[in-house]
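Below: the structure, in structure tokens.
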Amino acid sequence: MNYFLVIFLVLILSGCKKEGPKTMTLTQIESLSFRRSYAGHEHLTDKQLDSLYKTNPILDYEIKQSLSAKLNKKKILNGKELRIEKFKENLNKRTIGRKIEVSYSFDFKKANAINIIIKNSNVEIKKHVDFDTNNFVGVVYEDLNNDTIEEILILENFYMMNGDNFVLSIFKLTP
């Protein structure tokens with residue numbers, strides 16, 4: 001009888017599937033370019049020049065209407081203008097989705113890059129985002145596709161030929 005009980009328990013327990021840790025990936029899904037031009041600035045007064053420096057950069061090219069609508073709805077864009085002030089808030093640590101903690105770290109004395117750290121229970125992934133010679137402006141977290149998991153939007157900028165150029169990179173977390 002005990003022999004049958006042991007075999008029965010072994011069969012039941014072997015049928016129980018143990019779930020391993022879930023893997024997560026962070027993928028760049030979009031990169032958008034914007035520009036604030038200073039062409040003709042030599043003819044502006046100081047007041048006009050100050051006003052120009054405070055303007056939002058304009059999208060360099062057409063993007064999908066659906067992406068434009070999402071970014072406008074979340075107030076990242078105003079028409080084709082990138083609202084830079086949204087990136088000044090710079091929330092370093094954030095919980096997105098259910099229990100996914102996202103943070104970033106940087107030491108610009110060592111490298112012009114940030115490290116995005118994503119933790120979900122005991123799973124941790126890191127993504128190194130290198131800015132090369134560009135300047136880090138900020139990070140915004142927004143759920144662009146209404147799946148309860150916020151995308152990570154990173155803004156960087158650089159100066160080239162009479163204008164400030166901005167690159168908005170959008171990263172998608174797949175838990």
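The values are calculated or read from the model by the stated rules, or taken from the named source; none is laboratory data. Since we're looking at a predicted model, the values are computed, not measured. Ideal geometry is used to build each Cβ from the backbone, glycine not excepted, and the neighbour counts take in all protein chains shown. In case anyone asks, the SASA skips ligands and DNA or RNA and just uses the protein heavy atoms, side chains included. Shrake-Rupley method; radii C 1.70, N 1.55, O 1.52, S 1.80 Å.
Using a 1.4 Å probe and counting only protein heavy atoms, arrange ASP132, ASP60, ASP147 so the residue with the most accessible area comes first.
ASP132, ASP60, ASP147
Stretch ILE63-SER121 to full length: gain in nm at 0.36 nm per residue minus the Cα-Cα span?
Additional length available on full extension: 17.2 nm.
Rounded, prolate or oblate for region 25-92? Axes are the square roots of the Cα gyration tensor eigenvalues, ordered a ≥ b ≥ c, and the cut-off for rounded is a/c under 1.5.
prolate
With a 1.4 Å probe and all protein chains kept in place, how much accessible area does HIS43 have, in Å² rounded to the nearest 10?
150 Å²
Return the loop-located trypsin sites (Lys or Arg not before Pro) in region 101-167 (DSSP other than H, G, I, E, B) with at most 10 other Cβ atoms within 10 Å of their own Cβ; answer none if there are none.
Those satisfying the criteria are LYS109, LYS110.
Given the whole protein assembly as supplied and a 1.4 Å probe, what does the accessible area of THR27 come to in Å², nearest 10?
Probe radius 1.4 Å; accessible area of THR27 about 70 Å².
Arrange the residues GLU81, GLU42, GLU124, GLU151 by how much accessible surface each exposes, largest first, with a 1.4 angstrom probe.
GLU42, GLU124, GLU81, GLU151
At a 1.4 Å probe, what is the % contribution of carbon and sulfur to the accessible area of region 21-81?
Summing carbon and sulfur atoms, their accessible area is 51 percent of the total for region 21-81.
Not counting ligands, DNA or RNA, and with a 1.4 Å probe, what is TYR159's accessible surface area in Å² rounded to the nearest 10?
My reading of the accessible area for TYR159 is about 130 Å².
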